[in-house]
Amino acid sequence: MNSSLRIRLSRPADIPRVVRLLPGITRHPSQAQIYVVEAAGEFIGCGALIFQSETVCAFNWNFLAPAQKISGAPALFAVFQAEARQQQMQLLMAHFGVQAGNADAALLKSWDGREHIVFSFYETDLVAGEQLFQRAVTRLEKNKKIPAGVRIVPLGQAPALPVQALWRDAIGVGNDAMLFQFEQQRFSPQHSVVALEGARAVGAIALDTSGKIPVASYMAVETSYRGRWPYPLLMLEAHAGLRKAGHASVRFKTNPQHHPGLKNFAEKIGGKFCGKEIFYAFDL
């Protein structure tokens, strides 16, 4: 390790700088162990070890500059590994996804990281998508296939437990509780939508609008409702809402484990492959 580097547990005085670099860490106050990285006595970055279960923990970090990450990340990762082993963890997982082939992916692979979850992205045009689903909804309305009392509401207004049960039961999201917890924090409650029939949550689309292009992260319809009205209604609402918010396109996030049919769906509506995101994990 560079002799000028020092890694220590954070202190109360570090909190403002830590929160600026790792804003999401405030969601894990009782689960996270926070470290500060200093070079020649100066703060250059920080990281967190997040204990999600008795055997699995995640790590995250951020640095003030890319050069500081190059020098500080290897030493910080070594601290993460040592502490995870001390706590008798079995799996250490990156709390962030990286683009295939970039410098972060190369770094994590060089430490013998393995691909834990791999997502592929397909980008589609919002106007074309909205028109497509408007036609589908019009056909459903004409044939009286949409029951009275159906509502499409923002995720922020939907009952939380039924929606979480829907993710788990319909597409298996939630079996990997750590990844689900992290992903759910990125959902936009204003743009994500839920289909309700009475008090029953029968479908949902989770949208992440934190980046330049919004991402449809999770899509689920209750098994007995598949091929019926929820999906077209949800997709129409999601496309129209994003377009009204000034977006021109949306990306569908697909994974064979969670979305076995989504790749074909994205391609059918003109989606173009636009990259992968990999979550690396380390066996301890």
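Points worth noting:
- Check on Ala136, out of contact with any strand residue (DSSP E or B) (no Cβ under 9 Å at 6 or more places or on another chain), on the phi < 0 side of the Ramachandran plot, at pLDDT below 95 and surrounded by 14 or more Cβ atoms within 10 Å (Cβ to Cβ): yes
- Subset of region 139-172 [of a type in the set (A, V, I, L, M), in contact (Cβ under 8 Å) with a residue 60 or more places away in the chain, in contact with a strand residue (DSSP E or B) (Cβ under 9 Å, 6 or more places away or on another chain) and over 15 Å from Pro189 (Cβ atoms)]: Val150, Ile171
- When the test is whether a residue is in a loop (DSSP other than H, G, I, E, B) and either acidic (Asp, Glu) or not assigned by TED's automatic domain parsing to the domain that holds Met219 (or both), Asp104 does not pass it.
- When every residue of region 58-67 is checked against the conditions, none turns out to be touching a Ser or Thr at 6+ places or on another chain (Cβ under 6 Å) and of a type outside the set (Lys, Arg).
- Some residue of region 55-73 being under 30 Å from Pro232 (Cα atoms) and of a type in the set (D, E, K, R): no
- Within region 9-28, residues that are on the phi < 0 side of the Ramachandran plot have Cβ atoms under 6 Å from residues that are modelled with pLDDT of 90 or more and assigned to a helix (DSSP H, G or I) in these pairs: Ser10/Val18, counting only partners at least 6 apart in sequence or on another chain.
- Neighbours by Cβ (under 6 Å, 6+ apart or cross-chain): first from region 90-108, farther than 18 Å from Lys253 by Cα; second in a loop (DSSP other than H, G, I, E, B) and modelled with pLDDT of 90 or more: Gln90/Thr55; Gln90/Leu284; Leu92/Leu284
- Evaluation of Val150 against (1) buried (at least 18 other Cβ atoms within 10 Å of the Cβ); (2) modelled with pLDDT of 90 or more (one fails), failing number: (1)
- For region 200-230, residues that are in contact (Cβ under 8 Å) with a residue 24 or more places away in the chain and either assigned to a loop (DSSP other than H, G, I, E, B) or closer than 15 Å to Pro159 by Cα (or both) total 14.
- Residue count, region 106-133 (criterion: buried (at least 17 other Cβ atoms within 10 Å of the Cβ), among the acidic types (Asp, Glu) and under 19 Å from the mean Cα position of the chain (by Cα)): 1
The values are calculated or read from the model by the stated rules, or taken from the named source; none is laboratory data. Please read all numbers here as calculations on a predicted model, not as lab measurements. Every residue, glycine as well, gets a Cβ built from its backbone with ideal geometry; the counts of neighbours run over all protein chains shown.
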